[in-house]
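Reviewing the structure listed below.
The values are calculated or read from the model by the stated rules, or taken from the named source; none is laboratory data. Model, not experiment: these values are computed from the prediction. Positions of Cβ are generated from backbone atoms using ideal geometry, with glycine treated the same way; all protein chains shown enter the neighbour counts.
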Amino acid sequence: MSSSIHITSPCPIFSPFSTLHEEMHTSDTPFLSGLEGTEVITDAKPPLLLPSQTWVITEKLSERANHLTQEEINEGLGTAACTAAKFLCYRVGDPAKEPVFMRMYLQIPVIGTEFSNARVRAKQAAPPLSYPELTALKALKKVGCDVVPDLLGYQEGKQDDDGIVPGGFVTYVVWEKVPGESLTQEKFWNMELFLRDAVRKEFRGVYSINWPRKLVQCGFEPRMATLSKLIYDEASGKMHISGFRAACTTDKDKEWSDVNYVVYRLAKPSSKIDWYLDTNGWTWTPPALSRSKTTATSDIRSIIISPAREIAEPNEVEKRKVAAGIGVAIQVAVGGTAEVT
């Protein structure tokens, strides 16, 4: 499919798995602008056999771009430059015009060739990159995961002859906008205790280690686990997990750990170096809450959290196993603030 989008501005790259080197080239400069009203057709390939659909872009939400030089590409630091933008859109033929999300990945010229003639830019044309977001959403749809937004369509095509990289890739990914809003630190920790109880309980059910069609058993989860990845609908009490632009595979055999609450910012760890070995000293309520309010609803740990595995004087091997099991998640939970949506 050929793209009907014409871009004449200089345009940089987005890398699904950014390295420190690539982050040096990251830019928020808008390159995919003025697309409101643009129609995009998705016609997914087998085996999903999603129906061909036409979508109308209504609003741009965000964009992120990374730049690459030709030298960096030659050295294997990247395959092709592109920019990625997120939009709201609706399906043609839907009388309610229910909003859904679309991500557009567009190849752009390498640094220094943004204003070169079309022949020079066309030589940079590359096939579509393998995006974790699309890989994860396709896999989750295939197994019928019911706790993530549904993949509605995707299209891997080429830019027109007058595109910013003639013949370069353009990929569209369209997914469901589920009911509810992304949680934030302020919103979650300002909730009444019974609501925070409900959120944590729903999270454990959605993340479930043992049930099919829940997150862990479906094989993928967000690589950067934060509150913003949890979409909670107060009206229904239902939760979905989103944010697969940077995704990683799950260990389907791992046991549940209360560390997951900390990783997703639903609890705050103690100041101990080995805080992840037990829940003693963890924070479950905002400091401003009085003890009377807390006890009135009972201790949250006895309501929704199964007792953490008691580890009496763990030996060094056990400690290393626990630490390895939570890996980077510990670093992110304690000090990291990176967001990928």
Test set (1) buried (at least 20 other Cβ atoms within 10 Å of the Cβ); (2) at pLDDT 80 or above; (3) under 20 Å from residue 167 (Cα atoms); (4) not charged (D, E, K, R) - residue 70 fails condition number: (1)
In the stretch 129-151, the residues that are buried (at least 18 other Cβ atoms within 10 Å of the Cβ), in contact with a helix residue (DSSP H, G or I) (Cβ under 9 Å, 6 or more places away or on another chain) and of a type in the set (A, V, I, L, M, F, W, C): 140, 145, 147, 148, 151
Filter result (in a strand (DSSP E or B), over 15 Å from residue 62 (Cβ atoms) and either more than 18 Å from the chain's Cα centre (by Cα) or among the acidic types (Asp, Glu) (or both)) within the stretch 83-116: 90, 91, 107
Selected residue (criterion: modelled with the lowest pLDDT) from residues of the stretch 265-300 that are in a loop (DSSP other than H, G, I, E, B), more than 28 Å from the chain's Cα centre (by Cα) and surrounded by 14 or more Cβ atoms within 10 Å (Cβ to Cβ): 297
The lone exception for residue 170 - which of (1) crowded, with 21+ Cβ neighbours inside 10 Å; (2) within 22 Å of residue 101 (Cβ to Cβ); (3) outside the structural domain of residue 64 (by TED's automatic domain parsing) it fails: (3)
Residue satisfying all of: in the stretch 21-47; at pLDDT 85 or above and assigned to a loop (DSSP other than H, G, I, E, B); surrounded by the most Cβ atoms within 10 Å (Cβ to Cβ) among these: 32
Residues (aliphatic (A, V, I, L, M), within 8 Å of the chain's Cα centre (by Cα) and assigned to a loop (DSSP other than H, G, I, E, B)) located in the stretch 231-248: 246
Residue 160 surrounded by fewer than 18 Cβ atoms within 10 Å (Cβ to Cβ), in the same structural domain as residue 47 (by TED's automatic domain parsing) and in contact (Cβ under 8 Å) with a residue 40 or more places away in the chain: yes
Close pairs (9 angstrom Cβ cut-off, 6 or more residues apart or separate chains): closer than 11 Å to residue 153 by Cβ in the stretch 39-51, modelled with pLDDT under 85 anywhere: 40/3; 40/4; 40/5; 41/1; 42/1; 43/1; 50/44; 51/44
Qualifying residues in the stretch 249-264 (those that are in contact with a helix residue (DSSP H, G or I) (Cβ under 6 Å, 6 or more places away or on another chain) and not in a helix (DSSP H, G or I)) - the one surrounded by the fewest Cβ atoms within 10 Å (Cβ to Cβ): 252
Answer residue from the stretch 176-214, given it is more than 25 Å from residue 285 (Cβ to Cβ) and modelled with pLDDT of 95 or more and is surrounded by the most Cβ atoms within 10 Å (Cβ to Cβ) among those: 178
Breaking point among (1) within 17 Å of residue 131 (Cα to Cα); (2) at pLDDT below 90, for residue 105: (2)
Residues being out of contact with any strand residue (DSSP E or B) (no Cβ under 8 Å at 6 or more places or on another chain) and under 16 Å from residue 106 (Cβ atoms) - total across the stretch 31-65: 1
